[in-house]
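The values are calculated or read from the model by the stated rules, or taken from the named source; none is laboratory data. Note that the coordinates shown come from a computational prediction; the quantities given were computed from them, not determined experimentally. A quick note on method: Cβ atoms are made from the backbone with ideal geometry, for glycine too, and the neighbour counts reach across all protein chains shown.
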Amino acid sequence: MRLAKYLAGQGVASRRKSEELIAEGRVSVNGNIIKEQGFKIDPLQDKVEVDGHMLQTADKVYLLLYKPAGYISSVSDPWGRPVVTDLIKEEKNRRIYPVGRLDLDTEGLLLMTNDGDFANIIIHPRYKMDKKYEALVQGKVTKDAIKQLQKGILLEDGMTAPAGVHVLKHSSDKTLLEVIIHEGRKRQVRRMLEAVGHPVIHLKRTEVGFLTLKGLKDGEYRYLNSQEVKKLIMISQNTPNP
Ligand code: URA
């Protein structure tokens with residue numbers, strides 16, 4: 001495995017930053033400084049150090065955050081707005097980052113980790129990990145609009161996969177929908193609902209795979225246990241037609 005890919009997968013830094021660390025001579029393999037970008041390592045055999053610190057391969061962390069609206073799904077913001085990592089008080093020494101993103105004004109379940117492979121399983125559409133949302137939308141949603149959403153919607157970046165959609169409740173001018181998708185395109189749920197004439201008033205992600213927000217208030221988080229992590233990985237491996 002390429003050294004930069006390994007460093008990124010271990011949560012040391014992004015792939016690009018890892019390449020910079022290598023170029024700066026800050027990474028050694030079995031005691032030798034490596035500056036060659038294409039250098040390949042055996043993750044099970046080789047001892048990799050960054051700035052003289054041995055990487056702890058077991059040092060993976062998985063968190064489930066109830067993201068409040070008003071927080072950016074990022075580790076920093078050039079304009080100094082609140083970011084989700086501000087809420088994770090116990091993890092100041094590990095470089096954790098959000099798994100995908102929820103919009104600034106979306107609340108709900110956001111996973112955070114320093115494990116790149118795990119993040120990929122949750123985000124990449126090929127693993128078909130379901131994400132469930134509650135969307136309060138303008139207008140009374142018709143059966144026809146629901147059918148369109150269930151078939152897939154043509155957005156400017158192409159056709160979406162079919163969505164699972166149910167009406168949870170409605171009044172004369174608003175509808176609360178449950179929407180299940182496994183893709184994670186930018187503002188996807190909002191754009192799909194807008195496309196069928198029902199702009200979103202409020203959006204909350206309630207589930208990712210089998211994980212829920214149970215027991216958490218907004219702004220709170222908990223660590224996933226190893227069973228939960230294993231189960232998510234197993235689900236992704238059993239996905240048909242990857
Ligand atoms: N879809 C959206 O439109 N926004 C989100 O934050 C997540 C999914």
What's the number of the only condition in (1) within 13 Å of the ligand (Cβ to nearest atom); (2) more than 30 Å from Ser18 (Cα to Cα) that Lys140 fails to meet? (1)
Looking only at the range 63-96, and only at residues there that are touching a residue at least 60 places away in the same chain (Cβ under 8 Å) and under 17 Å from Ala8 (Cβ atoms), the one that is surrounded by the most Cβ atoms within 10 Å (Cβ to Cβ): Ile96
Restricting to the range 94-133, count the residues that are in contact with a Pro (Cβ under 7 Å, 6 or more places away or on another chain) and among the charged types (D, E, K, R). 2
Taking the range 146-171 and keeping residues assigned to a loop (DSSP other than H, G, I, E, B) and within 16 Å of the ligand (Cβ to nearest atom) leaves Gly152, Ile153, Glu156, Asp157, Thr160, Ala161, Pro162, Ala163
Against the definition (assigned to a loop (DSSP other than H, G, I, E, B), buried (at least 16 other Cβ atoms within 10 Å of the Cβ) and under 16 Å from the mean Cα position of the chain (by Cα)), how does Met112 come out, yes or no? no
Please find, among Ala8, Ala13, the residue that is assigned to a loop (DSSP other than H, G, I, E, B), surrounded by 11 or more Cβ atoms within 10 Å (Cβ to Cβ) and in contact (Cβ under 8 Å) with a residue 60 or more places away in the chain. Ala13
For Lys17, indicate whether it is among the basic types (Lys, Arg) and under 24 Å from the mean Cα position of the chain (by Cα). yes
Just need a number here: residues in the range 172-193 that are in a loop (DSSP other than H, G, I, E, B) and within 13 Å of the ligand (Cβ to nearest atom). 6
Of the numbered conditions (1) at pLDDT 95 or above; (2) of a type in the set (Val, Ile, Thr); (3) closer than 19 Å to Lys204 by Cα, Ile122 satisfies every one except a single condition; which is it? (1)
Can you tell me which residue among Asn120, Asn93 is part of a loop (DSSP other than H, G, I, E, B) and more than 16 Å from the ligand (Cβ to nearest atom)? Asn93
